[in-house]
Amino acid sequence: METTTAAPETKTAASPKPAAKPADIKEMSWDPITRIVGSLGIYTKIDFANKKVVECHSTSSIFRGYSIFMKNKDPRDTHFITSRICGICGDNHATCSVYAQNMAYGVKPPNLAEWIVNLGEAAEYMFDHNIFQDNLVGVDFCEMMVRETNPGVWEMAKRTEAPNAKLHGYKTIADIMKSLNPFEGEFYRETLQVSRYTREMFCLMEGRHVHPSTLYAGGVGTVPSIQLFTDYQVRLMKYVEFMKKVVPLHDDLFDFFYQALPGYEEVGRRRILLGCWGSFQDPEVCDYNYKTMNEWGKAMYVTPGIVVDGELVTTNLVDINLGIRILLGSSYYDDWDSSETFVTHDPLGNPVDQKHPWNQTTIPKPQRRNFDKNYTWVMSPRWLDKRTGDHLALDTGGGPIARLWVTALANLVDIGYVKATGHSVKINLPRTALKPAVEFEWKVPKWSNAIERDRARTYFQAYAAGCALYFCEQAMQELHAGNTKTFRPFKVPDEAIGCGFHEAVRGVLSHHLVIRGGKVANYHPYPPTPWNANPRDIYGTPGPYEDAVQNTPIFEENGPDKFKGIDIMRTVRSFDPCLPCGVHMYLGHDKTLQVMHTPTALMGLAKK
């Protein structure tokens, strides 16, 4: 297998660090950082004398049990049911479930149906990344937040001219921060409008947002027409023009934080362990046959793969699939080692581990939270690196950074609008009503940290738009050629297995299906949240949230009594943990400092 390596990660020489001060450790927690999918709590120990997080635990207090109540269902209903896993990216689950069904049923949808699904999923990426980046995570960088947590940075922002002011219209960094103020900032309000027409784009292709009504195994129920694709493309071109403003705006904002706060690259930084399961099928190559999964996986317009310490170790979906292990770690479940083995070998004859999702049996064991033992309902997905025998705690970086990193190093994608180079991804957006054609280039960064996760989210919005332009062209070609079929009939087999691999907005998504007697015998969806929010595993390895927050330096200027935890929040939200809408904060022995419930998690900020 050929591997590709990015430039090695290096650290510049630094002056000797001052001697550490006597520790002043305080326990602080944010619980819940609520999300549509469930409840997230972050519990930390912070050394305020040395301005550093010394310990972090990530916990979720909600059990949902989809893998239990999916049993004995008609497999043709699985995408309708699993889309309800999430109220913001349910279509990603529906799509992934359909992919698993296509494999199990042995059906290949018509090409036009695949282009329609690709267009719908591209619209979802554009919608979701837009609303999260600038209406939710963007609040962490707005004037109100920065002035409250880092007044020195705010004063510097007022004096700092924005390098790309001519492209986005904001003269200073402070002007950008003001534009992100919730409900009143100009850019904040503009992005709300963008989220409306990107949802319209999605509905044109998949019928309903966020639980698709026209998506099925074997194809789609969407009626194709010139008008349909024209309506989509009109909105798409508005989005393309919008991205010509957004990318330089965010580059200016994120670059400023490195400039204003030397050492900020360490906030949210963790070892480069990135997973991407691939997105956007090429209907000319994809037949949903497991035996050819390596080939059609590599043909995806977002390349699947795993990056370890800057090295692309595989792009083979079969290897990715077989390497998945579900470890209990510090979660509220009993082991299933002695439970039934549903799949002993994959269709290629490779052995399938008992800890693989195909063989998982969910056995919940409710108990009191104990950070020395078990403390969450999230299991610990890992990927077994056969080169070393290590169970790697991969993360998705919120989705875009892993997708772009893998695609860049794999150097396989080239459709004109987007092109991988081996060290970067180039995005070419055509001329629009008011702006000329432009080329953006996302380059593999030095770090996997909070700022670079957020930056990648912006670039992937442009990437999705470029892909959508190509998909529109391909769909129109099919239509002009008279290839108007969008569905291919199939029969549900008595026994079968299937797996779907896709990218949810926030990253890796897989659905594993076992059919017996024409019914679902076992079903396990693994979205990005278990990969990012999991606890310490049986080997003591912390999950990505925990790992990224631990050892993060504290740059906030407030002391413990007025501490907002902004550097910690930026770290957690850089993984896009799904619409944070409420923050509870505690200091030590359940002494409540602040309790706020606001849609944008402003944590009590008020304009002064």
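State the three equivalent ellipsoid semi-axes of segment 165-228, derived from the C-alpha gyration tensor as the square roots of 5 times its eigenvalues, in descending order and whole Å.
Values: eigenvalues 278, 33, 15 Å².
The answer is 37, 13, 9 Å, longest axis first.
Which of the aspartates and glutamates could a cross-linker bridge to Lys245, judged by Cα under 14 Å and excluding same-chain residues fewer than eight apart?
Counting by Cα, and skipping residues close in sequence, Lys245 has these aspartates and glutamates nearby: Asp134, Glu186, Glu190, Glu439.
Taking the square root of 5 times each eigenvalue of the Cα gyration tensor, what semi-axes in Å does the equivalent ellipsoid of segment 406-505 have, largest first?
Values: eigenvalues 195, 107, 28 Å².
Working through the eigenvalues yields semi-axes of 31, 23, 12 Å.
Which three lengths, in whole Å and largest first, does segment 346-485 cover when its Cα atoms are put on their principal axes?
So the three principal-axis extents are 59, 42, 33 Å.
Ranked from the most accessible area to the least, with a 1.4 Å probe and all protein chains present, what is the order of Glu161, Glu55? Show your work: numbers first, answer last.
On the way: Glu161 130, Glu55 60 Å².
Heavy-atom accessible area, descending, gives Glu161, Glu55.
Taking the Cα centroid of segment 424-462 and of segment 143-188, what is the distance between the two, rounded to the nearest whole Å?
21
Could you tell me what % of all Cα pairs in segment 98-176 have separations over 22 Å?
Details: 1625 of 3081 pairs.
Looking at segment 98-176, the distances longer than 22 Å represent 53 percent of pairs.
Answer rounded, prolate or oblate for segment 487-530, using the Cα gyration tensor with square roots of eigenvalues a ≥ b ≥ c: rounded when a/c is under 1.5, else prolate when a/b is larger than b/c, else oblate. Walk me through the numbers before you get to the answer.
Numbers: a/c = 4.14, a/b = 1.76, b/c = 2.35.
It is oblate, given that a/c is not under 1.5 and a/b is not larger than b/c.
Roughly how many Å² is the accessible area per residue of segment 195-281, as a whole number, for a 1.4 Å probe? Don't skip to the end; give the middle numbers.
Numbers: 2650 Å² over 87 residues.
Here the residues of segment 195-281 average 30 Å² of exposed surface.
Quick one: what does P(r) look like for segment 92-247 with 5 Å bins over all Cα pairs, in whole %?
2, 9, 16, 16, 14, 11, 9, 8, 7, 5, 3, 1, 0
Let me see the P(r) profile for segment 354-408: every Cα-Cα distance counted, bins of 10 Å, each bin given as a percent of all pairs.
So the P(r) values, bin by bin, are 17, 32, 37, 13, 1.
Report the number of Lys pairs in segment 20-168 whose alpha-carbons are under 14 Å apart, with separation of 8 or more residues or on distinct chains.
Working: Lys21/Lys51; Lys21/Lys52; Lys26/Lys45; Lys26/Lys51; Lys26/Lys52.
Summing the qualifying lysine pairs gives 5.
Ratio of alpha-carbon Rg to the 2.2 N^0.38 Å globular estimate for segment 159-297, to two decimals, please. Mind showing how you got there, number by number?
On the way: Rg = 20.7 Å, N = 139, 2.2 N^0.38 = 14.3 Å.
In units of the globular-protein estimate, segment 159-297 measures up at 1.44.
Please give me the summed charge of the neighbours of Asp335: other residues whose Cβ is under 12 Å from its Cβ, Lys and Arg +1, Asp and Glu -1. Please report the intermediate quantities before stating the final value.
Numbers: positive: Lys355, Lys365; negative: Asp334, Asp337.
Neighbour charge sum, excluding Asp335 itself: 0.
Just the Kirkwood number for segment 45-117, please: inverse of mean 1/r across all distinct Cα pairs, in Å, one decimal.
On the way: mean 1/r = 0.0638 Å⁻¹.
Averaging 1/r across every pair of different Cα atoms and inverting gives 15.7 Å.
What is the pair-distance distribution P(r) of segment 222-287, computed from all Cα-Cα distances in 10 Å bins starting at 0, with each bin given as a whole percent?
Per 10 Å bin, starting at 0, the Cα pair percentages come out as 13, 20, 31, 22, 12, 2.
Convert each backbone phi in segment 101-114 into a coupling constant with the Karplus relation 6.51 cos²θ - 1.76 cosθ + 1.60 (shift: θ = phi - 60°), then list the ³J(HN,Hα) values in order as whole Hz, x for Gly and Pro.
Karplus-based 3J(HN,Hα) across segment 101-114 equals 5, 4, 5, 5, 8, x, 10, 10, x, x, 4, 4, 4, 5 Hz.
Given a Förster radius of 25 Å and the C-beta distance between Ala23 and Asn370 as r, what FRET efficiency does 1/(1 + (r/R0)^6) yield to the nearest 0.05? Kindly include the intermediate steps, with their values, before the conclusion.
Numbers: r = 24 Å, r/R0 = 0.96.
Between Ala23 and Asn370 the formula returns 0.55.
By the scheme Lys and Arg +1, Asp and Glu -1, what is the net charge of all other residues having a beta-carbon under 12 Å from that of Lys519? Provide the component values of the computation, followed by the final result.
On the way: positive: Lys71, Lys73, Arg76, Arg516; negative: Asp74, Asp77, Asp494, Glu495.
It works out to a net charge of 0.
So what J values fall out for segment 225-232 if you push phi through Karplus, 6.51 cos²θ - 1.76 cosθ + 1.60 with θ = phi - 60°, rounded to Hz, Gly and Pro as x?
7, 4, 4, 4, 6, 5, 4, 5
Each residue of segment 524-536 in turn: what ³J(HN,Hα) in whole Hz from Karplus with 6.51, -1.76, 1.60 and θ = phi - 60°, glycine and Pro shown as x?
For segment 524-536, the Karplus-derived couplings read 9, x, 10, x, x, 4, x, 6, 8, 9, 6, x, 4 Hz, x marking Gly and Pro.
For Val418, enumerate residues with amide H under 5 Å from its amide H, sequence gap 5+ or separate chain, H modeled in the peptide plane.
Correct list: Asn428.
Which loop-located trypsin sites (Lys or Arg not before Pro) does segment 320-419 contain, where loop means any DSSP state but H, G, I, E or B and the Cβ has at most 12 other Cβ atoms within 10 Å?
On the way: sites: Arg325, Lys355, Arg368, Arg369, Lys373, Arg382, Lys386, Arg387, Arg403, Lys419; in loops: Lys355, Arg368, Arg369, Lys373, Lys386, Arg387.
Of the trypsin sites (Lys or Arg not before Pro), the ones in loops of segment 320-419 whose Cβ has at most 12 other Cβ atoms within 10 Å are Arg368, Lys373, Lys386, Arg387.
Rounded, prolate or oblate for segment 133-175? Axes are the square roots of the Cα gyration tensor eigenvalues, ordered a ≥ b ≥ c, and the cut-off for rounded is a/c under 1.5. List each step's numbers first, then the result.
Numbers: a/c = 3.31, a/b = 1.21, b/c = 2.73.
Oblate.
So how many Lys-Lys pairs in segment 418-545 land under 28 Å Cα to Cα, not counting same-chain pairs under 8 apart? Kindly include the intermediate steps, with their values, before the conclusion.
Details: Lys419/Lys435; Lys419/Lys443; Lys419/Lys446; Lys426/Lys435; Lys426/Lys443; Lys426/Lys446; Lys435/Lys443; Lys491/Lys519.
Here the count comes out as 8.
Can you give me the Kirkwood hydrodynamic radius for the chain, using every pair of distinct Cα atoms, in Å to one decimal? Walk me through the numbers before you get to the answer.
Numbers: mean 1/r = 0.0408 Å⁻¹.
After inverting the mean inverse Cα-Cα distance, the result is 24.5 Å.
For segment 213-304, state which trypsin sites (Lys or Arg not before Pro) are in a DSSP loop and have at most 14 other beta carbons lying within 10 Å of their beta carbon.
On the way: sites: Arg235, Lys238, Lys244, Lys245, Arg269, Arg270, Arg271, Lys291, Lys298; in loops: Arg269, Arg271.
Of the trypsin sites (Lys or Arg not before Pro), not one in the loops of segment 213-304 has a Cβ with at most 14 other Cβ atoms within 10 Å.
Sorted from largest down, what three extents in whole angstroms do the Cα atoms of segment 466-584 have along their principal axes?
So the three principal-axis extents are 67, 41, 25 Å.
The values are calculated or read from the model by the stated rules, or taken from the named source; none is laboratory data. The model shown is predicted, which means the values in this text are computed figures rather than measured ones. Methodologically, a virtual Cβ is constructed for each residue, glycine included, from the backbone with ideal geometry; neighbour enumeration extends over all protein chains shown. To get the accessible areas, we keep the full protein, side chains included, count just its heavy atoms, and leave off ligands, DNA and RNA. Shrake-Rupley method; radii C 1.70, N 1.55, O 1.52, S 1.80 Å.
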